[in-house]
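Written out below as structure tokens is the structure these notes cover.
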Amino acid sequence: MRNVFCAVLCLAVLSAAASWAGIGVYEVSLKGDCPYQITYLLNKDATSVTVEIVRSSDGWVAKSWSFTAPDQHCAKGIHTDLQWDPASQSPVPPAGNYKVRVSAIGAAVYGPGDPPDNKLLVPVWEKVNPDGTSEGWRPYGIVVNRDPNSELYGRIYVSNWSAAGGKTKGVYEFYADGTLKGMLPTPIEGYGGSAPWGLDFDEDNNLYIEDRTNARYFQYKWDGTKWVQTATKLCQQGRAIAVTGKGDTFRIAETYFAPSVPPSTNSRLAYGKGATPTPPDIRTPLAYGAAIDDTFLAACFVGNYLYVAGAVGNGPYPETGEISVWDTDQMTPWQATPIRYPQYSRATGIDIYNGTVWIGRIAGMVAVPPDESYNYSDPRDTDVQHRTVYKFPLSEMANIDPYNNPPSSFKTYGVGTNYAGNKWPFFVKADPAGNVVLTGGHTTIIGTTAAFFGVYEEPLGVPTSHSTTSRMEVYWPGEYVPVLVSASAVPGNAVSNPIIADGNTPTRITVVAEDRNNTPSVNDIATVKVHCPSLGWGTVGDPNTGWPMTLRSRDGYQNTYWNDVTVARGSAAGWHTAKVYMYDVHYPQVPVQEGNLQIYVTGGKISGRIIEGYSGYPAANVTVKCSVTNAYGTWTTEAVTDANGYYTVDATEGADNVIYPAQQPDEVYSGKTYPGATYPAEFNVANAHGATGSWPDNLGETDWPKSGIAVTLGGTTGNINGRVWPLVATQVVYKWSVGSYRPGGRTVCAMGIVTRQAANPAKGRKGFNGYYFVGDTKFLGVNMGVKISVRAGDPDIVELDRVVVIGTYDKASGYSAGIVTPTLTPVVLSRNNAQLPVRTMDRGTYFTGNVLYSYYRVLDGEVMSVDAANQHFTVKLPYDGYVALCDVDTLETTGITLPKVGDRVDMYCILDQHEPGARALRPGKPSDVHVIPIASELGVIKRASDGTAIFDSTTNPLVVTYVDVGDIGGYDAGKWFWVEQLNKTTDPKAGVSGLKVYTGSTAQYLPPGLQIGDTITRMKGQLNSTGTAQNNYMDRPRELQLTEMPTVGSPATVPPFLELTVKSLGGGWLSDVPNPELGQGTPPVIDQIGPPAVFATGLNTEGVLVRVVGKVVGYGWDPSFRYMWCWIDDGSGTVSDVSAETDYPPNTRMTGVKCVRLYNMFENWPRDPSDIGRMAVVTGISTNKYVSGTGRIRMIHMRCLPGTGGAGLDQLEWVNP
């Protein structure tokens, strides 16, 4: 295939509409390499289409095509099957920049009916089902990109405000023919209970989206491949948004509803200007409906003037609304005075484009109480069917009376939609072809029942036309460029025919190149060079230094070049890619062309890196061997890895070398391949090689067949005269590929993480009696391992250490798995590694059939028997009732207390054998056996250690005090609730008690319809001391993570707020154990940092509804306006976290309690430095979170009402407003 040079340049689009028309031409482009690809899109079927290639400089037509219907090129939609091949034209067009121009003519269109009703707009396309029902859209805002210099020219954007119709909430992008391109990414902040409404473009083609009730708007930018959210700014609770200009001339305005003021003044404007580098917040109201008593809806800019549609308000008749025009250069807060056009009543949408005004109207809409209290009809609209859309020249706007002899330039239309419901338009926009784009089907001015949208044209009864020229152009050089036909290197063309990297043996490089401008007397190819620095042919980055080729023959357009060249000694073995560069005689006007030549080299350097497969460490000081066979026999060459595991072997020797690095096999189990065992090379396990070499052949499958190997490990040096198995822990015990236990009597190397430790009485540490377990997950991701005995003098090895042990593996008679006794000092690679995953033991087949030394947990097992003399007990597994034996090893070393018959337990354990042929589950420390508390008092549950817990009480149930409002976002929205219990007991540790309850990753255990005041009579779950992962702003208290659906009882009275001091919030440890182990209970909140740190003591008030009075000492909110917080201090003496740089005061160690709530601009809240020191009352839930470098701090989690955008159920109230 011929290739011709093409430079694609991004220049301005030349686009013009021949007349206001129904037909539209968009997505016009000319790009690629010769032959150039032509693309265009028609918004509807055309009667004829003309495609022309025009020279950019003067419009000269180099090529044209003409089509008439029913040719496929006239059909609606995208067209990509045309190409321009200037090289095939005769004569060839001159060099220059070219574009493509596409012109289309559409058929004359008449209104529906017979005779036609030419006062009804006709759909070009619309989103309506054939039977007249809605497709499920709930549209509000709509906008068209009208910038001919934009890649997005002609595309239509619609905000779908609700998923009620089955479509996802968001902003959708459509091509001009109505084809859906996709949905813009949902904003990072989400919409929550709000929705996207108004839409508009600025002159930089950034799209602006009004986020209705969240009081913000978003800026999106098209980066050439996708839409990217580039800004989030504050505004009011807007309906429509209008944008004009760019940079310093940027202006933005919104119409919005202010529910906090009387209805007569509830509709307002907000305005801002200047977009360098980002658009402004538009928080200050600059005009309001009381000035003209209007309900503001859509708006648009013409220069600095803002035209606003008023659907309800002043006018010649009561409440008919009007169009108002505001000079934004003169607007000051609450003082703007508009120009008023009361003759244009009931306006919901307005757009002004190319000097023409389009207005959408709700003429004849009937009020729908109680949501709408106005009558939307204008008594002058006697023919409402044909008065829902106005069109007229902007220059005549002031002088037109729509009801008294309007000029012929004033047009009134109805919407000729196929939608069977209400046909009123709402938002309207003109497209570049002169059609009107609109949303409609509303029953109220709020627009919450919109049902359709589309593009509509006037029934003019004459053919219409539209023409668009591509914004991209191509450079045609007027000639062909060189093309590589073929290239070869012999030898070096195949693995079986390599070139030797000895700097002496030649290879013949042959290149065939073609230039279509060649003639018998003129050769347009000036030079051909082969460039490959890795073989010694030129320097890196400079093609001119390549090996020059000699022209040997010519055949028509084709030239043949060849030269004999050599490969530099020591070049890397394997395939190399050389570049073939071809220079035209018109270089540099015609760029250098290139192609590839593949060359296979042997006898060179073999380079690589060795990483130890288990630890991931570089393998230092490992000998890498290569075997070489040639005419002189077989010999070896080798190199040693450096500190970072890198090696280079120079294998250049003789001729006909076959070189390969030693390989080790993988293991196959159940059809899956697992990596074979690796050397523990970073521990200097080295081989003593000689003239014949000693590279191990089958690591992991056969023993290393050498003896007398010197090994240095952990400071101990010795000779291993047996045979070494360099295996990870799982491989020591079990052979994956055949599914059987390995034999004893071997020397092994085991690597892994300690899952359960041995006891160390000298350090007061509990564990197994003289042994520990090391595991890994190399086998199917399952935690399996090996048992290691403890030798006197070995280092102190504890749980979660990563270790390497070399020793002898032996098995006692009747036992399937054995134990490793170290022969060299074990090495601890690292400490405090992540715990390996645990499997759930819930059935008998797991107990009897799974591999020994695996790590398991039993959840909610029932203790069936206890043998205190032998330190055994049995537990019934929950899935099938199988009774499994549990061996405590020794009560003294493990510190475990035997449970009682009938107890329900959670247990962590190793599957082991306690005697020949008999298996047992073996727990290894006190927290491994957790007796599940089943209590009627929440305080008892809270004092239990982490693990399963069951609350059960119908006489004193838990009262729900908060259910997460899931419409805002944040941590696990909609997946948790809080409960509180007024305990009826004299237990001094009980009192009032509360707890957070987590309902699962998908809220699968959240009772349907659960609300504040409901009661919980039974719930079961896992106590978790660290809390589920949350963001930086919300709390991280202890919680109960449900494992089944809780039981909901009858509603009850919500407990009252406790009046507490700040210091009495939080309290001490949630455990009865004086020094609880890690995981047993939540640490207390901190009073003073110290050193030494001072922690809170006393009753734990976490989860209780509280009221605190104190002074504001600081405040802040997150940059995305999701949360806000303040610090309240009553002088009782506590510390909190350090304020952020954006807080007030910034970067300061705060005191008191941190109060956090979802962001809401209408709530009382400290927002100004003058608020510091003011007295305030705060209510909410007592909770806490962990702050790095400080500890757990007190927090009050303030509750919010659902579906309100963060309105407070708990509030901050000023003591002296």
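The values are calculated or read from the model by the stated rules, or taken from the named source; none is laboratory data. The structure presented is a predicted model; accordingly, all values stated were derived computationally and were not measured. Here Cβ is always computed from backbone atoms with ideal geometry, including for glycine, and neighbour counts include all displayed protein chains.
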Notebook entry, point to check: Listed residues Val798, Val782, Val748; which is over 19 Å from Tyr908 (Cβ atoms), of a type in the set (A, V, I, L, M, F, W, C), surrounded by 15 or more Cβ atoms within 10 Å (Cβ to Cβ) and assigned by TED's automatic domain parsing to the domain that holds Pro916?
Noted result: Val748
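Would you kindly identify the strands (runs of 3 or more DSSP E) lying entirely within segment 190-282 that contain at least 3 residues that are surrounded by 20 or more Cβ atoms within 10 Å (Cβ to Cβ) and either assigned by TED's automatic domain parsing to the domain that holds Phe1121 or modelled with pLDDT of 80 or more (or both)? Lay out the reasoning, then the answer.
Working: elements: 196-201, 207-211, 216-222, 227-234, 238-244, 251-257, 267-273.
Passing ranges, in order: 196-201, 207-211, 216-222, 238-244, 251-257.
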Next item on the list: Give just the number: which of (1) more than 30 Å from Gly461 (Cα to Cα); (2) surrounded by fewer than 18 Cβ atoms within 10 Å (Cβ to Cβ); (3) at pLDDT 95 or above does Val54 not satisfy?
Entry: (2)
Item checked: Selected residue (only one of Ser1139, Ser1188, Ser1120 is surrounded by fewer than 21 Cβ atoms within 10 Å (Cβ to Cβ), in contact (Cβ under 8 Å) with a residue 24 or more places away in the chain and not β-branched (Val, Ile, Thr)) -> Ser1120
Checklist line | Qualifying positions in segment 430-451 - at pLDDT 90 or above, out of contact with any Leu (no Cβ under 9 Å at 6 or more places or on another chain) and either hydrophobic (A, V, I, L, M, F, W, C) or farther than 27 Å from Phe301 by Cα (or both) | finding: Ala430, Ala433, Val437
Next item on the list: Inspect all residues belonging to segment 848-860 and state whether any of them is assigned to a helix (DSSP H, G or I), in contact (Cβ under 8 Å) with a residue 12 or more places away in the chain and surrounded by fewer than 19 Cβ atoms within 10 Å (Cβ to Cβ).
Entry: yes
Notebook entry, point to check: Which ones in segment 405-430 are in a loop (DSSP other than H, G, I, E, B) and either among the polar types (S, T, N, Q) or closer than 13 Å to Ile350 by Cα (or both)?
Noted result: Asn405, Ser408, Ser409, Thr417, Asn418, Asn422
Check: Under the condition of being assigned to a strand (DSSP E or B) and farther than 19 Å from Pro482 by Cβ, which residue from segment 498-531 is farthest from the chain's Cα centre (by Cα)?
Finding: Pro506
Item checked: Failed item in (1) in contact with a Leu (Cβ under 8 Å, 6 or more places away or on another chain); (2) touching a residue at least 60 places away in the same chain (Cβ under 8 Å); (3) surrounded by 20 or more Cβ atoms within 10 Å (Cβ to Cβ), with Thr777 passing the rest -> (3)
Check: Condition test on Val109, is it in contact with a Leu (Cβ under 8 Å, 6 or more places away or on another chain), surrounded by 22 or more Cβ atoms within 10 Å (Cβ to Cβ) and assigned to a strand (DSSP E or B)?
Finding: no
Next item on the list: Quick one: which residue in Pro533, Pro463, Pro491 is under 30 Å from Tyr26 (Cβ atoms) and either surrounded by fewer than 20 Cβ atoms within 10 Å (Cβ to Cβ) or assigned by TED's automatic domain parsing to the domain that holds Asp45 (or both)?
Entry: Pro463
Margin query: Just to be sure before I move on: is Tyr456 under 43 Å from the mean Cα position of the chain (by Cα), crowded, with 24+ Cβ neighbours inside 10 Å and part of a strand (DSSP E or B) in the structure I sent?
Written below: yes
Checklist line | Leading residue by the ranking (nearest to Val827 (Cα to Cα)) among those in segment 789-808 that are at pLDDT 90 or above and among the β-branched types (Val, Ile, Thr) | finding: Ile797
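Being hydroxyl-bearing (Ser, Thr, Tyr) and buried (at least 19 other Cβ atoms within 10 Å of the Cβ) is the filter; apply it to segment 1149-1185 and report the residue that is modelled with the lowest pLDDT. Before you say what the answer is, go through the steps one by one.
Keep residues of segment 1149-1185 that are hydroxyl-bearing (Ser, Thr, Tyr), which gives 1151, 1159, 1170, 1179, 1182-1183.
Checking the rest, the ones that are also buried (at least 19 other Cβ atoms within 10 Å of the Cβ) come to 1151, 1159, 1179, 1182-1183.
Working: Thr1151: 94, Tyr1159: 85, Thr1179: 95, Ser1182: 91, Thr1183: 89.
Restricting to residues being hydroxyl-bearing (Ser, Thr, Tyr) and buried (at least 19 other Cβ atoms within 10 Å of the Cβ), the top hit is Tyr1159.
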Next item on the list: Name every residue in segment 532-561 that is hydroxyl-bearing (Ser, Thr, Tyr) and not in a loop (DSSP other than H, G, I, E, B), in order of residue number.
Entry: Ser534, Thr545, Ser553, Thr560, Tyr561
Notebook entry, point to check: Of the conditions (1) touching a Ser or Thr at 6+ places or on another chain (Cβ under 9 Å); (2) at pLDDT 65 or above; (3) over 27 Å from Asp928 (Cα atoms), Gly1009 fails just one. Which one is it?
Noted result: (1)
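Within segment 562-575, is even one residue β-branched (Val, Ile, Thr), outside any loop (DSSP other than H, G, I, E, B), assigned by TED's automatic domain parsing to the domain that holds Ala494 and at pLDDT 95 or above?
No - not one qualifying residue is present in segment 562-575.
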Item checked: Selection status of Ala104, in contact with a Cys (Cβ under 8 Å, 6 or more places away or on another chain) and buried (at least 22 other Cβ atoms within 10 Å of the Cβ) -> yes
Check: Taking into account only those residues within segment 1012-1046 that are of a type in the set (Ser, Thr, Tyr) and under 27 Å from Trp1117 (Cβ atoms), which is modelled with the highest pLDDT?
Finding: Thr1026
Check: Does segment 78-93 contain at least one residue that is in contact (Cβ under 8 Å) with a residue 60 or more places away in the chain, surrounded by fewer than 18 Cβ atoms within 10 Å (Cβ to Cβ) and of a type in the set (Ser, Thr, Tyr)?
Finding: no
